[in-house]
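Structure first, commentary second.
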């Protein structure tokens, strides 16, 4: 048995066959349509992007509101109605 290298008797061959010769005459133009990448962002991705853009939490304000809620003076019908309206506005934007 004789071994003639990794490519056999004719040497290594390319994986993809060679393309046919292509020439362009002087003055001619060639137009190619390059494939374009496309990105689609899911609704959840858009929501998470919106969450990431929210301002930083003001911890002192949170503590103040927590103490008002605990003492029973924070929740009023007007504030609850306003909160519900704002929440519905946000949901309608999704």
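Could you tell me the calculated FRET efficiency between residue 57 and residue 36, based on Cβ-Cβ distance and R0 = 25 angstrom, to the nearest 0.05? Don't skip to the answer; put the middle values down first.
On the way: r = 41 Å, r/R0 = 1.62.
According to the calculation, E is roughly 0.05.
How far, in nm, would the chain grow between residue 82 and residue 29 when pulled straight, counting 0.36 nm per residue and subtracting the alpha carbon separation? Present the calculation step by step, with values, prior to reporting the outcome.
Numbers: separation 53, 0.36 × 53 = 19.08 nm, distance 6.39 nm.
So the extension gain works out to 12.7 nm.
So for 41, 15, fewest C-beta neighbours within 10 Å to most, what's the order? Spell out each step's value before the answer.
Working: 41 9, 15 5.
Listing 41, 15 from fewest to most nearby Cβ atoms yields 15, 41.
Since every read-out is calculated from the coordinates, none of them should be taken as a lab result. Here the structure is a predicted model, which means the values were calculated and not measured. Heads up, the Cβs are rebuilt from the backbone with ideal geometry, glycines too, and the neighbour counts pull from every protein chain shown.
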